[in-house]
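Every number here is computed from the coordinates shown, using simple stated rules; none is lab data. Predicted model only: the values in this text are computed from it and were never measured. For neighbour counting, all protein chains shown are included, and Cβ atoms are generated from backbone atoms with ideal geometry for every residue, glycine included.
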Amino acid sequence: MFRSIHTRLLAWLVIPLLFMSAAHLISTYINTHKTSERIFDKLLVTLALTISEHALASEGDLLTEDLLELIRVTTNDNLYYKVIGPNGSFVTGYNTIPEPQSGIQELEEHLYFYDAVFLDQKVRVIAVSSLIEGRDLDGWMTTFVAQTINDRNAYIDSILADTIFRVIILVVVASVLLYVGVSFGLQPLKQLQASVQQRHPKDLSPLDQGNLPREITGLVFALNHLLQRLSANTSLTKRFVENAAHQLRTPVAALLPQTDMALRRAESERERVAVGKIKRNAENIARLTHQLLNLTTAEAIALGYQHFKTIDLAEAVKKHTSIFLELYPNADLKLELQPTPMQGDELCINEVIDNLLDNARKYGDSSQAITVRTFQQDTQCILEVSDQGCGVPEACREKVTERFYRLSHDSTGSGLGLAIVKEIVQAHRGQLEIGSGPDGLGTCVRCRFPILSES
Ligand code: ATP
Ligand code: MG
């Protein structure tokens, strides 16, 4: 859970907020308790003094109706009292009201508060002592007044309930604001993630540091540094392959007519077989250098898709199949072409058609037709070449698009054709699918290109 920065930040903000709220509630409870004690004790003093005075004046008689009425109006709590005369003699009231543990001797001329339980109820008791002289009772007289604590508890509960309500509202509102704030604060990270994800795999240009917050510019700087080194490395490798292929092309091209000439001049069968092998190998090298150069071209256009032009797939197939038929007049081609305009690079699309036809010819059944279809499906432009040959086993359909991967070594080839096709299709933001031909026989290679808008 804490692997998300969003959750971490929220946890660091909300958990302390919850602790602070709990501390606030506890301190409010303690303060309210103290305040209620102060207020209600003052009231109890007034009541106790009044009762004590009455008891003194009446020398222990029962309280008058007027005084009882006054007490009822002043408090909702139950009030109990007792008066103890000199030498601890009981004068009037409830004899069982508990007395302080320290005894009543210490209470002279003092107000003394304590908590106790009386008649199974919690009570707050006040003891007031007064000196009586010149009457029947001579000496210290102590009045105990016990009051139930319902009013105090109700006061504390109401303040506490109000505070809890406010704290809950505050925590909820603060949490929502924090969630929104943290999400908003992390937006630049999400934008950076999206911009890296949307990149073409071949795009090694530096990431834009423009509006990024200071905290992530360091990361972007490091990424850009890595991209720069990767880019330098890749272009070095590409240049090496390109140069090697270029250097090879001319001598290999020169080799082919010479092997032809040597084949014609061969005097014995043995010589003809030997030169024939040289010729096949020379053709293989020629094809390999051609494919290597095509591969570097395909990689180069991957980033230049903004400069694509409108081309019609049907027209491109028509043009190309006429060249193909000149080379292989016996080939049986079935064309099902619907106008399929798309945005792309013409040379590269020709290369795709060339490779797919070459494969269909090499690996297809020569007695059966090769079908080429072009059509539009929803927002996609489809080019499809199918044959009725040996087919590509399902498990190898991904593998055959890797560079230099070949299923059979019977025919000439370098294993780069489908890798080039895939590279070009991806450079056009499309997908390459390899499936079975009609009736589950042979191979059907389908290139799906999106109809890119010109930009
Ligand atoms: P290159 O095209 O570079 O001259 P290649 O034809 O061997 O060489 P790819 O076009 O990449 O290379 O094809 C890779 C392998 O996939 C082939 O060697 C072949 O085994 C298999 N393959 C390709 N197309 C077909 C097909 N239409 N039917 C059956 N197998 C195929
Ligand atoms: Mg091929």
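Per the Cα gyration tensor, the chain maps to an equivalent ellipsoid with semi-axes of 108, 22, 19 Å, ordered largest to smallest. For THR340, the shell of other residues with beta-carbons less than 15 Å away shows a net charge of 0, using +1 for Lys and Arg and -1 for Asp and Glu. In a fully extended conformation the segment linking LEU13 and LYS362 would gain 118.9 nm over its present Cα-Cα distance, using 0.36 nm per residue.
The modelled label-to-label distance between GLN121 and GLN258, using points 7 Å beyond Cα along the C-beta direction, is 12.4 nm.
Kirkwood Rh over alpha-carbon pairs of segment 131-272, then Stokes-Einstein at 4 °C and 1.567 mPa s: what D in µm² s⁻¹, rounded to an integer? Using the Kirkwood radius from Cα pairs, D works out to 50 µm²/s. Nearest 0.05, what FRET efficiency do THR250 and SER205 give at R0 = 30 Å with Cβ-Cβ as r? Approximately 0.30, to the nearest 0.05. Considering segment 166-242 at the alpha-carbon level, its Rg and Dmax are found to be 19.7, 73 Å. Apply the membrane-span-like helix rule to the chain: whole DSSP H runs, Cα extent along the own long axis of at least 24 Å, mean Kyte-Doolittle hydropathy at least -1.0. List the helices found. Span-like helices in the chain: 5-57, 150-185, 214-265, 269-301, 346-363. With R₀ set to 41 Å, the beta-carbon distance separating ARG406 from ALA222 gives a calculated FRET efficiency near 0.50.
Please report how far the C-alpha centroid of segment 1-52 lies from that of segment 142-200, rounded to the nearest whole angstrom. Here the two parts' Cα centres lie 14 Å apart. Length gained on full extension, LYS190 to LYS319, computed as 0.36 nm times the residue gap minus the Cα-Cα distance: 41.7 nm. Pairs spanning more than 31 Å between alpha-carbon atoms, out of LYS34/LYS82; LYS202/LYS277; LYS238/LYS362; LYS190/LYS238: LYS202/LYS277; LYS190/LYS238. Considering all different alpha carbon pairs of segment 222-330, the Kirkwood hydrodynamic radius works out to 17.8 Å. If one computes the Cα centroid of segment 248-279 and of segment 348-415, what distance in Å separates the two points? Segment 248-279 and segment 348-415 have Cα centres spaced 30 Å from each other. Legend: ranking of residues MET261, MET141 from fewest to most surrounding C-beta atoms inside 10 Å; resulting order MET261, MET141.
Please compute the modelled spin-label separation between SER175 and LEU43, points set 7 Å along Cα→Cβ, answer in nm with one decimal. So the label points at LEU43 and SER175 sit 3.7 nm apart.
Here is the size of segment 308-455 from its Cα atoms: Rg then Dmax, 14.4, 45 Å.
As a rough footprinting exposure proxy, the listed residues THR64, THR379 were ranked by other beta carbons within 10 Å of their own, and the order from fewest upward is THR379, THR64. On a straight-distance basis, which aspartates and glutamates could pair with LYS334 in a cross-link, Cα separation under 13 angstrom, same-chain partners fewer than 8 positions away excluded? Filter leaves GLU384, ASP387.
Normalised by the number of residues in the chain, the average gap of Cα pairs under 8 Å and 6 or more apart makes the relative contact order 10 percent.
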